[in-house]
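Following: one structure in C-alpha coordinates, then a few remarks.
The values are calculated or read from the model by the stated rules, or taken from the named source; none is laboratory data. In this text the structure is predicted, and so the values were computed from the model without any measurement. When we count neighbours, we look across all protein chains shown, and the Cβ atoms used for this are built from the backbone with ideal geometry, even at glycine.
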Amino acid sequence: MIKLLFVDDQAVTLRFLENCFGDADRYEIVGSLIQAEIADLWCERKKPDAIFLDIQTKEKATNGLEMAKRIKEKFPQIKILLMTGFDEISYIPRAREIGVDAFLLKSYPEERFVQILQEVVYEGRMVFPEENNQIPVEEGQTPLTEREIEVLRLICQDHSNKEIADSLYVTESTVKRHVESLLRKTGKSGRAGLVAYAIAGGWINPNI
(Lines give C-alpha, C1' and ligand atoms only; values in the text may rest on other atoms or scores of the structure.)
Protein backbone atom coordinates (compact mmCIF):
# COMPACT_ATOMS: atom_id res chain seq x y z
CA MET A 1 0.00 0.00 0.00
CA ILE A 2 1.45 3.34 -1.10
CA LYS A 3 0.24 6.43 0.75
CA LEU A 4 -0.10 9.39 -1.63
CA LEU A 5 -0.51 13.14 -1.25
CA PHE A 6 -1.55 15.35 -4.18
CA VAL A 7 -0.86 19.11 -4.35
CA ASP A 8 -2.15 21.18 -7.27
CA ASP A 9 -4.25 24.34 -7.50
CA GLN A 10 -6.22 22.93 -10.45
CA ALA A 11 -9.19 20.73 -9.52
CA VAL A 12 -9.00 18.93 -12.87
CA THR A 13 -5.45 17.77 -12.09
CA LEU A 14 -6.44 16.55 -8.64
CA ARG A 15 -9.32 14.56 -10.16
CA PHE A 16 -6.94 13.13 -12.77
CA LEU A 17 -4.56 11.93 -10.05
CA GLU A 18 -7.40 10.51 -7.97
CA ASN A 19 -8.52 8.52 -11.02
CA CYS A 20 -4.97 7.35 -11.76
CA PHE A 21 -4.52 5.98 -8.26
CA GLY A 22 -8.06 4.99 -7.38
CA ASP A 23 -7.20 1.34 -6.70
CA ALA A 24 -7.86 1.16 -2.94
CA ASP A 25 -5.98 -2.14 -2.68
CA ARG A 26 -2.74 -0.54 -3.89
CA TYR A 27 -2.98 3.14 -2.95
CA GLU A 28 -4.21 5.24 -0.05
CA ILE A 29 -4.82 8.89 -0.90
CA VAL A 30 -4.14 10.84 2.29
CA GLY A 31 -4.93 14.25 0.86
CA SER A 32 -5.65 16.39 -2.21
CA LEU A 33 -4.50 19.95 -1.53
CA ILE A 34 -4.84 23.15 -3.53
CA GLN A 35 -2.40 25.07 -1.30
CA ALA A 36 1.29 24.23 -1.59
CA GLU A 37 2.14 26.26 1.51
CA ILE A 38 0.57 23.67 3.84
CA ALA A 39 1.99 20.58 2.13
CA ASP A 40 4.84 20.12 4.62
CA LEU A 41 2.40 20.29 7.54
CA TRP A 42 0.24 17.67 5.81
CA CYS A 43 3.30 15.47 5.33
CA GLU A 44 4.04 15.66 9.04
CA ARG A 45 0.46 14.76 9.91
CA LYS A 46 -0.34 12.10 7.28
CA LYS A 47 3.15 10.70 6.56
CA PRO A 48 2.72 9.92 2.83
CA ASP A 49 5.18 7.70 0.98
CA ALA A 50 5.06 9.95 -2.09
CA ILE A 51 3.75 13.36 -3.06
CA PHE A 52 2.72 14.61 -6.49
CA LEU A 53 3.50 18.33 -6.36
CA ASP A 54 2.68 21.01 -8.93
CA ILE A 55 5.76 23.05 -9.73
CA GLN A 56 3.79 26.29 -9.95
CA THR A 57 0.69 27.31 -8.04
CA LYS A 58 -1.19 30.60 -7.89
CA GLU A 59 0.37 31.37 -4.52
CA LYS A 60 3.15 33.93 -4.69
CA ALA A 61 4.74 32.91 -1.39
CA THR A 62 5.39 29.24 -2.08
CA ASN A 63 5.92 27.44 -5.37
CA GLY A 64 6.46 23.74 -5.88
CA LEU A 65 10.25 23.91 -5.95
CA GLU A 66 10.39 25.81 -2.68
CA MET A 67 8.00 23.38 -1.03
CA ALA A 68 9.89 20.38 -2.42
CA LYS A 69 13.05 21.72 -0.79
CA ARG A 70 11.29 22.16 2.55
CA ILE A 71 9.80 18.68 2.44
CA LYS A 72 13.09 17.01 1.49
CA GLU A 73 14.86 18.80 4.34
CA LYS A 74 12.24 17.70 6.88
CA PHE A 75 11.23 14.32 5.44
CA PRO A 76 13.98 12.99 3.15
CA GLN A 77 12.28 9.58 2.95
CA ILE A 78 9.23 11.00 1.14
CA LYS A 79 9.38 10.61 -2.64
CA ILE A 80 8.61 13.85 -4.47
CA LEU A 81 7.25 13.81 -8.01
CA LEU A 82 7.12 17.32 -9.48
CA MET A 83 4.53 18.07 -12.14
CA THR A 84 4.42 20.85 -14.72
CA GLY A 85 2.01 21.84 -17.45
CA PHE A 86 4.84 23.49 -19.40
CA ASP A 87 6.80 21.37 -21.88
CA GLU A 88 10.08 22.84 -20.69
CA ILE A 89 13.04 21.55 -18.75
CA SER A 90 14.77 24.58 -17.24
CA TYR A 91 13.63 23.50 -13.77
CA ILE A 92 15.48 20.18 -13.94
CA PRO A 93 18.89 21.33 -12.61
CA ARG A 94 17.25 22.88 -9.53
CA ALA A 95 14.96 19.89 -9.07
CA ARG A 96 17.96 17.56 -9.09
CA GLU A 97 19.82 19.76 -6.63
CA ILE A 98 16.85 19.73 -4.24
CA GLY A 99 16.64 15.94 -4.42
CA VAL A 100 13.36 15.60 -6.29
CA ASP A 101 12.74 12.00 -7.34
CA ALA A 102 10.81 12.53 -10.58
CA PHE A 103 9.75 15.25 -12.99
CA LEU A 104 6.49 14.71 -14.89
CA LEU A 105 4.67 16.59 -17.61
CA LYS A 106 0.93 16.87 -17.01
CA SER A 107 0.41 15.84 -20.61
CA TYR A 108 1.57 12.30 -19.74
CA PRO A 109 -1.16 9.61 -19.90
CA GLU A 110 -2.42 7.89 -16.74
CA GLU A 111 -0.33 4.78 -17.30
CA ARG A 112 2.86 6.86 -17.44
CA PHE A 113 2.07 8.45 -14.07
CA VAL A 114 1.51 5.01 -12.57
CA GLN A 115 4.69 3.63 -14.15
CA ILE A 116 6.86 6.47 -12.87
CA LEU A 117 5.48 6.13 -9.35
CA GLN A 118 6.30 2.42 -9.38
CA GLU A 119 9.85 3.10 -10.60
CA VAL A 120 10.42 5.75 -7.94
CA VAL A 121 8.92 3.90 -4.97
CA TYR A 122 9.83 0.28 -5.68
CA GLU A 123 13.00 0.61 -7.77
CA GLY A 124 14.45 3.73 -6.17
CA ARG A 125 14.92 5.34 -9.57
CA MET A 126 15.07 9.06 -10.32
CA VAL A 127 13.01 9.83 -13.43
CA PHE A 128 13.60 12.98 -15.49
CA PRO A 129 12.39 13.61 -19.06
CA GLU A 130 15.59 15.09 -20.46
CA GLU A 131 15.97 12.96 -23.57
CA ASN A 132 12.47 13.62 -24.89
CA ASN A 133 12.31 17.32 -24.09
CA GLN A 134 15.48 18.98 -25.34
CA ILE A 135 15.31 22.63 -26.34
CA PRO A 136 15.80 22.66 -30.14
CA VAL A 137 19.16 23.89 -31.46
CA GLU A 138 20.56 24.64 -34.89
CA GLU A 139 21.43 21.68 -37.09
CA GLY A 140 24.88 20.35 -36.30
CA GLN A 141 24.99 21.88 -32.82
CA THR A 142 25.20 19.86 -29.62
CA PRO A 143 22.22 19.94 -27.18
CA LEU A 144 22.15 22.61 -24.50
CA THR A 145 23.80 21.58 -21.26
CA GLU A 146 21.98 21.79 -17.92
CA ARG A 147 24.11 24.83 -17.03
CA GLU A 148 23.25 26.56 -20.31
CA ILE A 149 19.56 25.91 -19.66
CA GLU A 150 19.91 27.42 -16.20
CA VAL A 151 21.62 30.49 -17.66
CA LEU A 152 18.88 30.78 -20.29
CA ARG A 153 16.21 30.68 -17.59
CA LEU A 154 17.92 33.51 -15.71
CA ILE A 155 18.27 35.53 -18.92
CA CYS A 156 14.53 35.12 -19.44
CA GLN A 157 14.04 36.54 -15.94
CA ASP A 158 15.95 39.67 -17.08
CA HIS A 159 19.06 39.06 -14.98
CA SER A 160 22.35 40.67 -16.00
CA ASN A 161 25.52 38.65 -16.51
CA LYS A 162 26.76 39.80 -13.10
CA GLU A 163 23.51 38.76 -11.40
CA ILE A 164 23.64 35.37 -13.13
CA ALA A 165 27.25 34.91 -12.06
CA ASP A 166 26.37 35.72 -8.45
CA SER A 167 23.40 33.35 -8.53
CA LEU A 168 25.39 30.44 -9.97
CA TYR A 169 28.63 31.18 -8.08
CA VAL A 170 30.69 31.52 -11.25
CA THR A 171 32.59 34.38 -12.87
CA GLU A 172 31.06 36.87 -15.29
CA SER A 173 33.43 35.63 -17.99
CA THR A 174 32.02 32.11 -17.52
CA VAL A 175 28.48 33.44 -17.91
CA LYS A 176 29.54 35.35 -21.02
CA ARG A 177 30.86 32.11 -22.55
CA HIS A 178 27.57 30.37 -21.77
CA VAL A 179 25.62 33.21 -23.41
CA GLU A 180 27.84 33.06 -26.50
CA SER A 181 27.28 29.30 -26.66
CA LEU A 182 23.51 29.78 -26.35
CA LEU A 183 23.51 32.30 -29.19
CA ARG A 184 25.56 30.01 -31.40
CA LYS A 185 23.51 26.89 -30.70
CA THR A 186 20.12 28.58 -31.16
CA GLY A 187 21.13 30.79 -34.07
CA LYS A 188 19.95 33.95 -32.31
CA SER A 189 21.75 37.29 -32.51
CA GLY A 190 21.15 38.67 -29.01
CA ARG A 191 19.61 38.21 -25.58
CA ALA A 192 16.21 39.50 -26.75
CA GLY A 193 16.15 36.83 -29.42
CA LEU A 194 17.01 34.15 -26.86
CA VAL A 195 14.20 35.30 -24.57
CA ALA A 196 11.61 35.41 -27.35
CA TYR A 197 12.69 31.99 -28.64
CA ALA A 198 12.64 30.29 -25.24
CA ILE A 199 9.37 31.75 -23.95
CA ALA A 200 7.38 31.66 -27.19
CA GLY A 201 8.40 28.04 -27.70
CA GLY A 202 7.16 27.12 -24.23
CA TRP A 203 10.60 25.91 -23.18
CA ILE A 204 11.10 28.42 -20.40
CA ASN A 205 8.57 29.77 -17.91
CA PRO A 206 10.19 32.94 -16.50
CA ASN A 207 7.79 33.13 -13.56
CA ILE A 208 9.53 30.39 -11.56
(request) Those residues that are in a loop (DSSP other than H, G, I, E, B), of a type in the set (D, E) and within 19 Å of G64 (Cα to Cα), I need them from the range 1-51; list them, please. (result) D8, D9, D49
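For the range 89-107, name all the residues that are modelled with pLDDT under 85 and among the charged types (D, E, K, R). Spell out how you get there, then give the answer.
Narrowing the range 89-107 to residues modelled with pLDDT under 85: 89-97, 105-107.
Result: R94, R96, E97, K106.
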(message) Return the pair list, or none, for Cβ contacts closer than 8 Å from residues in the range 15-44 that are free of Cβ contacts under 8 Å to residues at least 60 places away in the same chain and surrounded by 18 or more Cβ atoms within 10 Å (Cβ to Cβ) to residues that are in a helix (DSSP H, G or I) and among the small types (G, A, S), at least 6 apart or on different chains.
(response) L33/A39; A36/G64
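Taking into account only those residues within the range 137-164 that are acidic (D, E) and surrounded by 13 or more Cβ atoms within 10 Å (Cβ to Cβ), which is farthest from the chain's Cα centre (by Cα)? Show your work before the answer.
Start the filter on the range 137-164 by keeping residues that are acidic (D, E), which leaves 138-139, 146, 148, 150, 158, 163.
Then keep just the ones that are surrounded by 13 or more Cβ atoms within 10 Å (Cβ to Cβ); that gives 146, 148, 150, 163.
Values: E146: 13, E148: 16, E150: 12, E163: 22 Å.
Among them, the one singled out is E163.
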(request) Output the residues belonging to the range 171-182 that are free of Cβ contacts under 8 Å to residues at least 24 places away in the same chain and closer than 11 Å to V151 by Cβ. (result) T174, K176, R177, E180
(message) Looking only at the range 34-83, filter to residues that are farther than 19 Å from E119 by Cα and of a type in the set (V, I, T); which one of those is modelled with the lowest pLDDT?
(response) T62
(request) Confirm whether S167 is of a type in the set (S, T, Y) and surrounded by 14 or more Cβ atoms within 10 Å (Cβ to Cβ). (result) yes
(message) Return the residues of the range 21-37 that are over 18 Å from the mean Cα position of the chain (by Cα) and hydrophobic (A, V, I, L, M, F, W, C); say none if nothing qualifies.
(response) F21, A24, I29, V30, L33
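Need at least 1 residues that are out of contact with any His (no Cβ under 7 Å at 6 or more places or on another chain), within 20 Å of N63 (Cβ to Cβ) and among the basic types (K, R) per element, so show me which helices (runs of 4 or more DSSP H) inside the range 143-208 make the cut, counting only ones lying wholly within it. Lay out the reasoning, then the answer.
On the way: elements: 146-156, 161-168, 172-186, 191-200.
In the range 143-208, 146-156 are the helices (runs of 4 or more DSSP H) which contain 1 or more residues that are out of contact with any His (no Cβ under 7 Å at 6 or more places or on another chain), within 20 Å of N63 (Cβ to Cβ) and among the basic types (K, R).
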